[in-house]
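Comments concern the structure below.
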Amino acid sequence: MPFIPKIEKITRDASLSHFFLMFGYKLYSFYFPLFLVAKSFSLPQVGYANFLIYLPIAIFAPLAGFLNHKINPAILSAVGIFGYGIHALGMIIFPNLPVFYLFQIILGISASLFFVSSRAILMGSKLENYDRAFAWFYSANSYAAAIAPAVGALFIWKFGFAGVFILSLAIQVINSVFCFSRLKKHTSQMADGLKIKQQNKNYRFALSELKQKNTFSFVFISFLVLVLAGFNNSFFVLFLKNLNWSQNQILIFNSLLYLVFLPLSFWVIKQVARFKSETNISWGSQVAGFFSVVLGGLSTILNFSSLFLITLGTSIGGLIAEAGRSGLLSLKLKKYPEESAAIDTIFAPLATAAGSIIGGLIILPLGYSLIFVISGLTIFLSGTFGFLFQRRRDGLSN
């Protein structure tokens, strides 16, 4: 059995575009909370900045889904990538707080275009295994995270934040061209010119399917996992700083985490291909929830190694649950890939935005440890419920 799991051509090209997109973004996003704090942003403002990135992704997703009926998804993905470059440029030139917030909204809209279009491309393709394809696609983010922060730290040290923002802009422009050139042949038939009236009917069908108990409960479980991910995305670096970690320690921790995660992700991708989407969501949430509880309960006595293993476990659980959710929607809504992609894209940023904004409000009264314990316990119990529900349903069908 080969070490690297199977990857189909269109999955490879979409995942490469995702890798370069996140590489350019993570050159500075890992340090973005520190960048904001250095500019005298409060913790609620840090949360609000992330909220303004992720909420527009959810709001714009239905329109992005409609545009995928009218315009080649490869074009829309490329435009979304270019928008990331505009955000990097904006972080250099923004003159005041309202303009800064405007650039966060631009980033959110750009992300919506990219992720809805990329998901539509994968969901609309005839793939052998959707969970495996999405596991590859989502893993690209982790591969970028393994090296981008180190490169970003070097540029920040040498040229300041302006230098890393310029490098990010250059990468996104090149990636935009790469994305369009590699995916246009695969996607030329996907823009079907569907009328908005018909799309509304498609959404009604998709939502009616989503409301079914055996679908909604698992999507909701994955939503809770993403709320925790949203909190970590905004505040985990500040949590490490709160533990008196230096910037170099944080950099080494993050880079090593994803370097180790890379070969492990190959094993994870193989595993998700073996099981049903519902099973992947249940197991993924249980793993993520368990390690979050451990993180919160032991946060005051953790050393570098133990925190590393706990964070690695949380990342693996999140990947399994996220791949399962997209795989589930791909199968349940396979007749409507554009609408399915939009719905899938709505859930992820909405949960992340919630984690960001809620986290900014409750860190001071509750503290990091209690937040990790409460959220982890909620996710673990939800995953356990999903596992038992699936076993019961499988038993009744036999």
Considering each of ASN248, ASN233 in turn, give the residue that is modelled with pLDDT under 80 and either under 19 Å from the mean Cα position of the chain (by Cα) or surrounded by 19 or more Cβ atoms within 10 Å (Cβ to Cβ) (or both).
ASN233
By residue number, the members of the stretch 320-330 that are open to solvent by 10 Å² or more (accessible area, probe 1.4 Å) and of a type in the set (A, V, I, L, M) are ILE320
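Considering each residue of the stretch 331-342, count those that are open to solvent by less than 10 Å² (accessible area, probe 1.4 Å) and out of contact with any Pro (no Cβ under 7 Å at 6 or more places or on another chain), and give that number.
The number of residues fulfilling the criteria is 4.
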Quick one: which residue in GLY90, GLY65 is among the small types (Gly, Ala, Ser) and touching a Phe, Trp or Tyr at 6+ places or on another chain (Cβ under 8 Å)?
GLY90
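Could you list, in sequence order, the residues of the stretch 347-368 that are without any contact (Cβ under 8 Å) to a residue 12 or more places away in the chain and either open to solvent by less than 30 Å² (accessible area, probe 1.4 Å) or touching a strand residue (DSSP E or B) at 6+ places or on another chain (Cβ under 6 Å) (or both)?
Step one: list which residues in the stretch 347-368 are without any contact (Cβ under 8 Å) to a residue 12 or more places away in the chain, which gives 362, 365-367.
Across the stretch 347-368, the qualifying residue is only GLY367.
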Criterion violated by PRO95 - all others in (1) modelled with pLDDT under 85; (2) in contact with a helix residue (DSSP H, G or I) (Cβ under 8 Å, 6 or more places away or on another chain) satisfied:
(2)
(1) open to solvent by less than 20 Å² (accessible area, probe 1.4 Å); (2) at pLDDT below 90: which one isn't true of ARG132, the others all being true?
(1)
Yes or no: SER306 open to solvent by less than 10 Å² (accessible area, probe 1.4 Å), over 19 Å from GLY386 (Cβ atoms) and out of contact with any Pro (no Cβ under 6 Å at 6 or more places or on another chain)?
no
Got at least one residue in the stretch 158-177 being more than 30 Å from LEU34 (Cβ to Cβ) and modelled with pLDDT of 75 or more?
yes
Scan (1) without any contact (Cβ under 8 Å) to a residue 40 or more places away in the chain; (2) assigned to a loop (DSSP other than H, G, I, E, B) for the single condition LEU127 breaks and write down its number.
(1)
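Considering only residues of the stretch 266-287 that are in contact with a helix residue (DSSP H, G or I) (Cβ under 7 Å, 6 or more places away or on another chain), open to solvent by 20 Å² or more (accessible area, probe 1.4 Å) and modelled with pLDDT of 85 or more, which is nearest to GLU8 (Cα to Cα)? Walk me through it before giving the result.
Quick first cut of the stretch 266-287, residues in contact with a helix residue (DSSP H, G or I) (Cβ under 7 Å, 6 or more places away or on another chain) only: 268-269, 272-273, 277-287.
So of that shortlist, the ones also open to solvent by 20 Å² or more (accessible area, probe 1.4 Å) come out as 273, 279, 283, 286-287.
Next, from what is left, pick out any that are modelled with pLDDT of 85 or more: 279, 283, 286-287.
Numbers: THR279: 23, TRP283: 25, GLN286: 29, VAL287: 28 Å.
Among residues in the stretch 266-287 that are in contact with a helix residue (DSSP H, G or I) (Cβ under 7 Å, 6 or more places away or on another chain), open to solvent by 20 Å² or more (accessible area, probe 1.4 Å) and modelled with pLDDT of 85 or more, the one nearest to GLU8 (Cα to Cα) is THR279.
Of all residues being in contact (Cβ under 8 Å) with a residue 60 or more places away in the chain, small (Gly, Ala, Ser) and surrounded by fewer than 21 Cβ atoms within 10 Å (Cβ to Cβ) in the stretch 147-169, which is nearest to SER15 (Cα to Cα)? Just the residue, please.
Step by step, filter the stretch 147-169, then rank; the result is ALA150.
For PHE220, are the conditions met, namely being open to solvent by 40 Å² or more (accessible area, probe 1.4 Å), modelled with pLDDT of 80 or more and over 22 Å from GLY367 (Cα atoms)?
Working: open to solvent by 40 Å² or more (accessible area, probe 1.4 Å): yes; modelled with pLDDT of 80 or more: yes; over 22 Å from GLY367 (Cα atoms): yes.
Here the answer is yes, as PHE220 does meet what is asked.
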Could you tell me whether any residue of the stretch 257-270 is out of contact with any Cys (no Cβ under 7 Å at 6 or more places or on another chain), within 13 Å of PHE30 (Cβ to Cβ) and of a type outside the set (Phe, Trp, Tyr)?
yes
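The values are calculated or read from the model by the stated rules, or taken from the named source; none is laboratory data. Not measured: the values here are computed from a predicted model. Cβ sites come from the backbone with ideal geometry, for glycine too, and all protein chains shown count toward neighbours. To get the accessible areas, we keep the full protein, side chains included, count just its heavy atoms, and leave off ligands, DNA and RNA. Shrake-Rupley method; radii C 1.70, N 1.55, O 1.52, S 1.80 Å.
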